[in-house]
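In what follows, a structure is listed as structure tokens, so that the remarks can point back to it.
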């Protein structure tokens, strides 16, 4: 089954889909990023879809140049066919909530931003961060599909799809947006923190990055909770 066929199966019973994915759970430095993409059936009938759908896949399976090309091409999608947003949760919040909690928060923020768009009709957001500890809000009219295992707690009912970025087109698009946005942010941090090679490693624990950590110590955007074994080893 192709990525678009997977989505169209869901669209037989719901009017719209929201695909959500993250980027940056594993790095030693930098924020975690999440993106949410809202589409309806018209998107899959569009000329943009016919031209670009074959180029879309799980962001991890695409070369950086291919991810960038798809990301740039999304700016040419006719207004109203797609809505998307990307949110990043910074290192301080990763340390406070842990990486799973920070990832859930980034995803929830994306949904809240989509709600602010009048052309994306679904439920009014829950106040504050109470959803971290309380029952979810009511289902939205869109089918929310999240890559990976079920999110618990999470403010919205959702369908969790393991390896969803390789099965669903709308989740794959979210994975590309989250990855490109975060990569660009880390490239911007490289001249601010020049010792760590963020322009190439994007914060991931490459051998050169680890060597720089041991030589220079961590910088402001390193995740202290990720560094214990690295900094304590010879």
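The values are calculated or read from the model by the stated rules, or taken from the named source; none is laboratory data. All figures in this text were calculated on a predicted structure; none of them were measured in a lab. When we count neighbours, we look across all protein chains shown, and the Cβ atoms used for this are built from the backbone with ideal geometry, even at glycine.
Overview of results
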{"read-out": "Boolean, residue 30 is buried (at least 17 other Cβ atoms within 10 Å of the Cβ) and within 30 Å of residue 93 (Cα to Cα)", "value": "yes"}
{"read-out": "Residue 45 vs. criteria free of Cβ contacts under 8 Å to residues at least 60 places away in the same chain, surrounded by fewer than 19 Cβ atoms within 10 Å (Cβ to Cβ) and more than 23 Å from residue 114 (Cα to Cα)", "value": "no"}
{"read-out": "Residue pairs meeting the criteria (Cβ under 9 Å; at least 6 apart or on separate chains; first on the phi > 0 side of the Ramachandran plot, in the stretch 213-234; second surrounded by 11 or more Cβ atoms within 10 Å (Cβ to Cβ) and assigned to a helix (DSSP H, G or I))", "value": "217/231"}
{"read-out": "Some residue of the stretch 138-149 being surrounded by fewer than 20 Cβ atoms within 10 Å (Cβ to Cβ) and modelled with pLDDT of 85 or more", "value": "yes"}
{"read-out": "Top-ranked residue of the stretch 54-101 - restricted to ones that are assigned to a helix (DSSP H, G or I) and crowded, with 19+ Cβ neighbours inside 10 Å, ranked as nearest to the chain's Cα centre (by Cα)", "value": "59"}
{"read-out": "Test: residue in the stretch 109-117 that is at pLDDT below 95 and in a loop (DSSP other than H, G, I, E, B)", "value": "yes"}
{"read-out": "Out of 133, 154, sole residue that is in contact with a strand residue (DSSP E or B) (Cβ under 9 Å, 6 or more places away or on another chain), surrounded by fewer than 23 Cβ atoms within 10 Å (Cβ to Cβ), modelled with pLDDT under 95 and closer than 19 Å to residue 109 by Cβ", "value": "154"}
